[in-house]
Amino acid sequence: MTWLEWYETLWKPSWTPPPSTIGLIWQILYPVILVTFGFVFVQAWRG
């Protein structure tokens, strides 16, 4: 059983977005997390 088949067997609320939407959200969210982490790291390094 693949992870997608397993995921499809889970009970999900009616407002759960499709897997393609979740993938798109993570493609946007990961770079934002990386930039904010970098900003915090640079600020902490500078003091």
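Only the coordinates and a few stated rules stand behind these numbers; no lab work does. Here the structure is a predicted model, which is why all the values come from computation and not from measurement. Every residue, glycine as well, gets a Cβ built from its backbone with ideal geometry; the counts of neighbours run over all protein chains shown.
At 222 nm, what helix-only mean residue ellipticity would the chain give, in deg cm²/dmol to the nearest 500, using -39500 (n - 2.57) for each DSSP H run of four or more?
-25000 deg cm²/dmol
If you take the beta carbon distance between Trp3 and Phe37 as r and set R0 to 30 Å, what does 1/(1 + (r/R0)^6) give as a FRET efficiency, to the nearest 0.05?
After rounding, the FRET efficiency stands at 0.65.
Which of the chymotrypsin sites (Phe, Trp or Tyr not before Pro) found in the chain are in a DSSP loop and have at most 15 neighbouring Cβ atoms, other than their own, within 10 Å?
In loop regions of the chain (DSSP not H, G, I, E or B), the sparsely surrounded chymotrypsin sites (Phe, Trp or Tyr not before Pro) are Trp11, Trp15.
So what's the Cα pair-distance distribution over the chain, bin width 5 Å, in %?
5, 16, 15, 15, 13, 10, 9, 8, 6, 3, 0
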